[in-house]
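What follows is a set of notes on a single structure, which appears directly below.
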Amino acid sequence: MSELPVVQPPYRSAALLDYLARRMRLRTESALAPLGLRPRHLVALTMLRDTDSIAQQGLAEMLQLDGTNVVGLLNELEAQQLVTRRRSPEDRRRHIVELTQAGREKLAQAEFVLAAVEDYVLADLSLEQRGALFELLRQATASQFLHPTVECDAARTDTVGV
């Protein structure tokens, strides 16, 4: 059995990103709970704000969720009157999803609360460092948004250390 090469730090940051993500996720969940929101609600509301309106199937693709899960998510948001669904005038089989004014206001509240979460979790970074972190994360995830179905072959060992 051949040994795998040892990868020297600081080149691999997956464990640190996972730890930071867990800290951020736990604090985010706690901060959103009083607003009646969960992180998945926030992501959907943000996407709806950024797209104005979108077909339900298009939202499912953007969120990388199957149709059943998107229906459940939208049911929760609709029950709070944060989104509306209506039939497409061009294709009556499609639903168009839009953010309501209440949804815009709730999203603004959530973003304000989450700014405090980020301030807490990222307290050891300066504002410039936070900006750099954001830009690096944006760059690292840009292709994932463009090509969400491309999967990494983690089982391959011929690229270890590359």
Candidate set from the stretch 83-108 (those that are more than 12 Å from A55 (Cα to Cα) and free of Cβ contacts under 8 Å to residues at least 40 places away in the same chain); member that is surrounded by the fewest Cβ atoms within 10 Å (Cβ to Cβ): Q101
Out of A79, A116, report the one residue that is closer than 16 Å to R40 by Cα, surrounded by fewer than 14 Cβ atoms within 10 Å (Cβ to Cβ) and at pLDDT 95 or above. A79
Restrict the check to the stretch 52-61 and report whether at least one residue is over 23 Å from R93 (Cβ atoms), out of contact with any Gly (no Cβ under 6 Å at 6 or more places or on another chain) and of a type in the set (G, A, S). no
Among the residues of the stretch 52-72, which ones are hydroxyl-bearing (S, T, Y) and not in a helix (DSSP H, G or I)? S53
Residues of the stretch 8-50 that turn out to be small (G, A, S), within 25 Å of E61 (Cβ to Cβ) and not in a helix (DSSP H, G or I), as a count: 0
Does the stretch 140-154 contain at least one residue that is surrounded by fewer than 11 Cβ atoms within 10 Å (Cβ to Cβ), farther than 30 Å from E3 by Cβ, modelled with pLDDT of 90 or more and not charged (D, E, K, R)? no
Taking the criterion of being touching a helix residue (DSSP H, G or I) at 6+ places or on another chain (Cβ under 7 Å) and part of a helix (DSSP H, G or I), would at least one residue in the stretch 94-104 satisfy it? yes
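The values are calculated or read from the model by the stated rules, or taken from the named source; none is laboratory data. All figures in this text were calculated on a predicted structure; none of them were measured in a lab. All Cβ positions, glycine included, derive from the backbone under ideal geometry; neighbour counts span all protein chains shown.
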